[in-house]
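Written below as structure tokens is the structure these notes are about.
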Amino acid sequence: MNQRLLLALLIGGVLVWWYHDPQERMRSVPAPPAPSPPITPKPKPKPEPKKPRRPCPGPGPCPLEDKEAGGRPVEGGPVSPDGAVELVCDLPASERKKNIASQGLGCCVFRSIDYAARWQQVPELYDLPEQLVQAGIPGGGYPEKVDEVLARFGPGVSYLQDTSGDADILEAILKTGRMPCVTYSGRDCHYAGSISHMVCLPYFDRQTGWACISDNNYPGNSEFVWMAPDEFLKRWKGGGGGWVFALLAPPPPLPPHN
Amino acid sequence: MRVMISLIVCLLAALPALAGYEWHTFPDDADQLSLWRDGRQLGNWRISTREYLPLVAPGTWGDPCPPPYPPPQDVIAPGKVELDGTINFGLERACLPAAGKHLLNGKEVSKDELLQALGPLRLTDDSQWPSLTIIGPEAARHKVLSDLQSSPFLAPWKDRLKVQDYAPDHWAVRDAGFVTTGQPTIYCQAPDGTVLHRQDEYRGPAALAEVLRQVDPHYQPEKDPDLNKGWTSIPWPLLISGVMLLFLLLGKDEKR
């Protein structure tokens, strides 16, 4: 009997082993993760060669160079003036049309939404200002009008609007790779005085210390305006602003890599 | 008095020169205006580039140059100067709400709801979702998208993937390193862009579901139910061992 019991225990042990081991082995059916390469620090992008000084592009003060700027707005390309960060939402210049007017009123709100729509591929809202012109709807935007325009030209399109001036929301939108459209009061290298305007915000991160706007009056590839986050927040909330719009459609995928 | 008269004379002299110019819009292209004089088209103004192209001969356009007659002011400069000197490029400041509001598809919600809620429209969570990108001709993309919406095989991933589809020449994929020649090419990428899977043709919803299962870090294949199999799904070594165990425990003892 003892021999039988021992044999039974042995077989039982084999069964227990049989039951657990295949599960362990089966877990590896999805291709086992490749050994992770040694972590190498990301090479710091080379700072863009300094452009020769050129005449001021607009009525505002001339752009200041890196250190001189002290966080104030500086004109630049898709990489921050110190070469540390690059735009989260780098919509190509070919997709960025200039602001126009419809029945005498500017369409900055709807041009900014056009940029976001192109970034997140919502084709119903492409060329939204031109759609307003053709439909005989005057420019000029505010949150309720955006609701009406989107109900007409993009029914079913999901979006958010916020007028609380809460910078957490800007960071949350950008963290997910989406393009925020924000109010902006000027006083930068393009505008000497106060303006009422909506632009896109392809970069904003209080940790890295940079914010960048993409202005639909100056859509060139070297006409982004970089500044310190605090400088941007003043301009976002200035003149009764603090309004942000964002589409909820997913952003484009990151470039593929192994 | 003499000054007034000379001004009026100048104006009258200038009027005939300007009067013949007319800007016309295109019903099918809001980005262009055409300049006409005496029933003849002189050139076109492109709003998006702010360029005037003279029409040299039918079908032949000259190099960009300043237009002989200024385009409508509201087209070239959408900014309007307000009473306080602010240049307004298209905000109706009087209509901006004084108190802050959080709005989702036009309805007021809380900040948390704005950031986290509304089912699949989560703003904060999907940054960690994998991306599924479909690149190819429209019909081929449509088949995959349609299956993602309706196939029971793909239902578990409906709200756990960031899905985008593009024509091969779309700017988002054309020069970004993606293979665009598949029928269609399907990429599955980790949130950091790492390619977890790529295929260059669509093999149906079941095969795609299998791929998505395999790239899911929480996937445990042993938990897959197989509703077609009964006791026959028990592995044969397990079956034989079980029978032997039963035999040993319940069988008669020869010594007795």
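Descriptive notes on the structure:
- Only listed residue being among the aliphatic types (A, V, I, L, M), more than 8 Å from chain B (Cβ to nearest Cβ) and either closer than 24 Å to A:Lys98 by Cβ or touching a Gly at 6+ places or on another chain (Cβ under 9 Å) (or both), chosen from A:Ile195, A:Ile213: A:Ile213
Here's the yes/no breakdown for (1) among the acidic types (Asp, Glu); (2) in a helix (DSSP H, G or I); (3) over 23 Å from A:Ala84 (Cβ atoms); (4) within 18 Å of the chain's Cα centre (by Cα):
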site	(1), (2), (3), (4)
A:Asp188	yes, no, no, no
A:Tyr191	no, no, yes, no
A:Ile195	no, no, yes, no
A:Leu201	no, no, no, yes
A:Gln207	no, no, no, yes
A:Ala211	no, no, no, yes
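- Scan the stretch A:124-148 for residues that are more than 22 Å from the chain's Cα centre (by Cα) and in a helix (DSSP H, G or I) and the total you get is 9.
- Close pairs from the stretch A:213-224: first on the phi < 0 side of the Ramachandran plot, partner open to solvent by 10 Å² or more (accessible area, probe 1.4 Å) and among the basic types (Lys, Arg), Cβ under 6 Å, at least 6 apart: A:Pro219/A:Arg96; A:Pro219/A:Lys98
- Cβ-Cβ under 6 Å pairs, at least 6 apart or on other chains, the stretch A:241-258 side within 7 Å of chain B (Cβ to nearest Cβ) and aliphatic (A, V, I, L, M), far side in a loop (DSSP other than H, G, I, E, B) and open to solvent by 20 Å² or more (accessible area, probe 1.4 Å): A:Leu248/A:Ser158; A:Leu248/B:Leu121
- Flag for B:Thr49 being at pLDDT below 90, part of a strand (DSSP E or B) and out of contact with any His (no Cβ under 7 Å at 6 or more places or on another chain): no
- Test: residue in the stretch A:113-123 that is more than 19 Å from A:Pro202 (Cβ to Cβ), open to solvent by less than 10 Å² (accessible area, probe 1.4 Å) and in a helix (DSSP H, G or I): no
- Subset of the stretch B:26-57 (residues that are more than 13 Å from B:Pro70 (Cα to Cα) and among the hydroxyl-bearing types (Ser, Thr, Tyr)): B:Ser48, B:Thr49
- Of the residues making up the stretch A:85-100, those that are open to solvent by less than 50 Å² (accessible area, probe 1.4 Å), among the aliphatic types (A, V, I, L, M) and more than 9 Å from chain B (Cβ to nearest Cβ) are A:Val85, A:Leu87, A:Ala93.
- Complete set of residues in the stretch A:149-174 that are more than 9 Å from chain B (Cβ to nearest Cβ) and in a helix (DSSP H, G or I): A:Val149, A:Arg152, A:Phe153, A:Ala167, A:Leu170, A:Glu171, A:Leu174
- Test for A:Gly136: is it open to solvent by less than 30 Å² (accessible area, probe 1.4 Å) and of a type in the set (Gly, Ala, Ser): no
- Tally, over the stretch A:160-194, of residues that are buried (at least 24 other Cβ atoms within 10 Å of the Cβ) and without any contact (Cβ under 8 Å) to a residue 12 or more places away in the chain: 0
- Neighbours by Cβ (under 8 Å, 6+ apart or cross-chain): first from the stretch B:54-67, within 15 Å of B:Gln32 (Cα to Cα) and assigned by TED's automatic domain parsing to the domain that holds B:Trp36; second among the β-branched types (Val, Ile, Thr) and open to solvent by less than 70 Å² (accessible area, probe 1.4 Å): none
- Taking the criterion of being within 13 Å of another protein chain (Cβ to nearest Cβ), charged (D, E, K, R) and within 18 Å of B:Ser150 (Cα to Cα), the residues of the stretch B:196-215 that qualify are B:Glu210, B:Arg213.
The values are calculated or read from the model by the stated rules, or taken from the named source; none is laboratory data. Fair warning: this is a prediction, and the values are worked out from it, not measured in the lab. So basically every Cβ, Gly included, is an ideal-geometry build from the backbone, and we count neighbours across all protein chains shown. To get the accessible areas, we keep the full protein, side chains included, count just its heavy atoms, and leave off ligands, DNA and RNA. Shrake-Rupley method; radii C 1.70, N 1.55, O 1.52, S 1.80 Å.
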